[in-house]
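What follows is one structure encoded as structure tokens, with my remarks underneath.
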Amino acid sequence: MPKHSMPLQDLPCLSLQGSMLSQSKKNNNKRKSKGCLGEGLDIECTPTELIQQWSPHHKHQRLISKGKENDSNQFVLARRSRRTKESTTSGISWDHLPDELLLRILFYIPLQDLLRMTIVCKRWHRLAFDESLWHSVDLEGLTDTGSALQQVLKTGVRMLRCPRSFVEELDFTGIGPLQIVRLDLSSSIIPTSSLESIICQCRLLEYLSLEGLQLSDTIISALSKNPNLLQLNLSGCSSFSGPALADMLQSCASIEQLNISWCEFNNNHVKSVVNNLSPTATHLNLSGYRENLFLDDVKVLVTRCPDIQTLDLSDSTLLMADCFPVLKQLKALVHLSLSRCYHIHLAALTDLGKAFPLLRLLDVFGIVNGSHLSSLKKELPLVSINTLPFSSIARPTPATAPRPVDYLMWNTKCRLRFTPLLPHFYVQPVVR
């Protein structure tokens, strides 16, 4: 039989195929078997069906389109790679963290960053203004304090330091009962009506400084609704009456420190103080009343408040040496200030060590100077003389101390503090 007419099973490709299959079962070497198959398929007499059967499958080329997906009328279905999908799902999302944990993290965020976080989303806006984060705030140095003060008061702040600030005419009555315990508005420029709307909503005040502000009887009467008031600084205040002051001092029976020096007082105001001050008072600054403080007023004061430890009667020009037998009743007196009481002579001061055994600080600026000061120090070796030119009674930050680094207020530091790096305090509400 001619070669081209030999039976199909006798073709070399089939014999090679059989040998290839048997050899692949024994050695499990696919690469070698494919090589043998390739040699058999190269024969021109190999049937077309067999070639198609053993030919590798054609891979469809994936369409790659850069730019927009619908360019050139082609539709491309994009799919993220498995690695990217796994990397996003394996991490922990902020949305899955509970509010308690997020609040704990936000507790360590500075004021600037905390305000920036309020515009992220509604949830972060709600958490960023949680009252637990706004327990104590220091706004000193902020130029436009009005809108910031409104927003801070809404957070339920309990300790607010805002001295030497400017507040425009604003109404704070819609905020609701305030939770403020410590408030410092010393030397600020604030309308009396705005101050009234703040103080009239306070019921928990314990420490308050309104030094240098213009007050009203409404404000003084509102202070009487704070029975837990411990320290009150009204130095340099004006525009309130003696009867309103008397009612307030009667209601605030827990006052320990009172600074009411250099106010626009007459003798009726002075009598309102000495006749109604709480017997528990230990620190009193009643200086600056040159012709309105009499010896009889001192007698009433000493009888009513025998536990006074620090007393400042400076600039009381009507006082003379006959006040010392009266002051001698203050057995716990440690600090006495009689600066610029010009009718008190040097000879009357030499016996103070015997009259006041606990006395350690004596301020007599304007009375004793130069060589007389040296001789007085020898007579009173246990007493420091003329070391404190300014009073620290009821003041949030003593004027004699250098500017504190930690911005303390009544020996307590505010957690959130404004810095000049933050240009604007106001934050728009989130609408997303």
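Descriptive notes on the structure:
- For T145, solvent-accessible area (1.4 Å; no DNA, RNA or ligand), Å²: 0
- Taking 27 Å as the limit for the C-alpha separation, the pairs K377/K413; K225/K299; K154/K225 exceed it in the case of K377/K413; K225/K299.
- Cα gyration tensor category, rounded, prolate or oblate, for the range 199-293 with a/c compared to 1.5: prolate
- With the gyration tensor restricted to C-alpha atoms of the range 227-401, the semi-axes of the equivalent ellipsoid amount to 27, 16, 16 Å, longest first.
The values are calculated or read from the model by the stated rules, or taken from the named source; none is laboratory data. Source: prediction; values computed, not measured. Each accessible area value is taken on the protein alone, full model and side chains, heavy atoms only, with ligands, DNA and RNA left out. Shrake-Rupley method; radii C 1.70, N 1.55, O 1.52, S 1.80 Å.
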